[in-house]
Amino acid sequence: MRALGWLGHVLDFCYPPACAVCDEPAEGLFCPKCETALRELQAERFCERCARPLGEGAACAFCHGRGLRRIERIVVLGKFDDPLKQIIHLIKYHHRWPLAESMADRLLESEAVKGLLTETDRLVPVPLHRWRRFARGYNQAEVIARRLGRRCRIRVVQPAIRWRHTETQTHLHSRAARMANLRDAFVLVRPETIRGRHIVLVDDVITTGATLRALARALLPAKPASICAIALAVADARQRHFERV
């Protein structure tokens, strides 16, 4: 064991750890600059109904308290901006799934997330179509959900499947186009897993909210007690950065 410890020190000296985002020297997962920027994103205030960033006032200028239809409450880690934006791209497009687990751990640093999960019976990751999951190798929403589930002892279930292989939302910039693309995309297959339960949908990024609303609509016939949501990031109120979400 002592030899392994020395070996670790030698490897760190020869190959110093690099930041997962910018490759600068880092003692942990991120360099001081990226860590500070990430903490600043986490420190922002967000509307609990639609998850958009709140301004100086208490009222949400985006949803005016209406939130997303069928979703009672939403909590997020931060705004879809760097370095969180880069982290999510690494997770989705570069097979860096362990970063999804690290971000799930950061979600649990939030009092809002911890408070919501104490009231949660089931976690429901937003499903990928089987072909997209095969191509990616995993569903990043499921990685996040299972990490949260293990740490909070909440069962992760998949009551619906993504039936239609829809066009990626990446190329659709309007709310109407995204909603149309997701129409009838999800099909309820295991209603008994959520019937009468307080459920939380889990995703990586919220843009227009079309995906969450479409999934919630598909789950309603199962009569869950409530539907809330958790995501890593939310696009800002002016809806920038859609082109790579």
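Quick notes
- Candidate lysines - alpha carbon under 26 Å from Lys114, same-chain residues fewer than 8 apart omitted: Lys79, Lys85, Lys92, Lys223
- Protein accessible area in segment 56-159, 1.4 Å probe - carbon and sulfur %: 47
- Segment 93-164: C-alpha gyration tensor shape, a/c 1.5 cut-off, then a/b vs b/c: oblate
- Database remark: amide H of Cys19 closer than 5 angstrom to the amide H of Glu24, Ala26, Cys31 (H placed geometrically; neighbours at sequence offset of 5 or more, or on other chains; Pro and chain starts carry no H).
The values are calculated or read from the model by the stated rules, or taken from the named source; none is laboratory data. These numbers were taken from a predicted model, which means no experiment stands behind them. Please note that ligands, DNA and RNA were not included when accessible areas were found on the heavy atoms of the full protein model with its side chains. Shrake-Rupley method; radii C 1.70, N 1.55, O 1.52, S 1.80 Å.
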